Amino acid sequence: MGLNKMQIQELLDEGRAHACDGVGPDHVCVKIAAIAELPSRFGQFQIVAFYNNRDNKEHIAIVRGDITNAEDVPVRVHSECLTGDVIGSLRCDCRDQLESALTMIGKMDKGILLYMRQEGRGIGLTNKIRAYGLQEHGYDTVEANLALGFRDDERDYSVAAHMLESLKVKSIRLITNNPKKIEDLTKNGVKVTGRIPHIMQPNQYNRFYLETKARKSGHLIDFGTVQRLPEQADPPCVEGMDDEQLELITKLYLI
Ligand SMILES: [Zn+2]
Ligand SMILES: [Zn+2]
């Protein structure tokens, strides 16, 4: 099933001894720090904690099955969103994206969710809440998005790439609707053999995407309630969208 005791010990020993020149222009290096079982409502997983030399953040891999030396491992890269993931905020769709990825991986023989601790696209929780506040003071999602900041993609993917390497994953199929993510991971040395579309189940909270309309400035608006900020950099495709809606939502997210 999962990694056995011997494999875990080997990964931990290698993590302790690991040193390399680093991935990407910033020479990002990560080491496996700890591994434990993680039974969850989405299935049986193991959780892997990493050290890294860049941001001192505790990035995590949620692992299902024996992924060491495996090919074509389904992988989802999720960015932390405390308000969405934990509190269930409706200002974004992060929790829907997280839950549907874990549900998908939980049903597979093997798979990995990389949980990257880069809240608010790396600008931190406080600045993200500042951006939310701007919306309440009349800024639109585009302006608030600018305040939210843009993700430093290069660094994100170099950490993620090294995490996969530390787990000895040979090649992956990325769970994403965003082809740019594949490009970025490939640039950082990950062998991506395919893409698995990330289609979420419609529910009362994300149903608004089905009603998203094109506006001149490309706002994402939930008519009647609150504007949402795209925090995951991955178009939220919901089961039931037609081609036109898929095209629109993808366009809005990939600007
Ligand atoms: Zn390294
Ligand atoms: Zn969020």
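The values are calculated or read from the model by the stated rules, or taken from the named source; none is laboratory data. Nothing here was measured: the structure is a model prediction, and the numbers come from that model. Note: ideal-geometry Cβ built from the backbone for every residue, glycine included; neighbour counts use all protein chains shown. Surface areas here come from the heavy atoms of the whole protein model, side chains and all, with no ligands, DNA or RNA. Shrake-Rupley method; radii C 1.70, N 1.55, O 1.52, S 1.80 Å.
General observations
- Remark: for residue pairs Lys107/Lys180; Lys57/Lys170; Lys31/Lys191; Lys107/Lys187; Lys5/Lys107, the C-alpha separation exceeds 28 Å in Lys107/Lys187.
- log₁₀ of I(q)/I(0) at q = 0.22 Å⁻¹ - the stretch 61-143, Debye sum with one point per alpha carbon: -1.00
- If the Kirkwood radius is taken over C-alpha pairs of the stretch 1-55, then at 4 °C and 1.567 mPa s the Stokes-Einstein diffusion coefficient equals 103 µm²/s.
- Loop-located GluC sites (Glu not before Pro) across the stretch 25-90 with a Cβ neighbour count of 14 or fewer within 10 Å are Glu58, Glu71, with loop assigned by DSSP.
- Apolar share of the accessible surface for the stretch 1-129: 53 percent from carbon plus sulfur atoms, 1.4 Å probe.
- Both radii were evaluated on the Cα set of the chain; the Rg over Rh quotient, with Rh as the Kirkwood radius, amounts to 0.97.
- Residues whose placed amide H lies under 5 Å from that of Arg76, excluding near-sequence neighbours: Ile112, Leu113, Leu114, Ile175
- The sum of -39500 (n - 2.57) across all DSSP H runs of n ≥ 4, divided by the residue count of the chain, sets its helix-only mean residue ellipticity at 222 nm to -9500 deg cm²/dmol.
- For Val28, residues with placed amide H under 5 Å, excluding near neighbours: Val23
- Theoretical gain in end-to-end length, Thr126 to Met108 [0.36 nm per residue, Cα-Cα removed]: 2.9 nm
- Amide hydrogen neighbours beyond the local backbone of Lys191, cut-off 5 Å, H modeled: Ile172
- Residues of the chain: accessible area per residue with a 1.4 Å probe, Å²: 49 Å²
- Inter-site label distance for Lys168 and Leu82 at 7 Å from Cα along Cβ, in nm: 3.7 nm
- GNM on the chain, alpha-carbon springs under 10 angstrom: the most fluctuating residue among Arg95, Arg117, Arg41 is Arg41.
- Note, ³J(HN,Hα) from phi for the stretch 166-174, Karplus 6.51, -1.76, 1.60, rounded to Hz, x at Gly and Pro: 4, 7, 6, 7, 7, 8, 10, 10, 7
- Under the criterion of Cα pairs below 8 Å and six or more residues apart, the relative contact order for the chain equals 19 percent.
- From phi via Karplus (6.51, -1.76, 1.60), per-residue ³J(HN,Hα) for the stretch 233-238 in Hz, x at Gly/Pro: 6, 9, x, x, 8, 9
- Phi-based couplings in Hz for the stretch 126-131 (Karplus 6.51, -1.76, 1.60; Gly and Pro marked x): 4, 5, 5, 5, 4, 5
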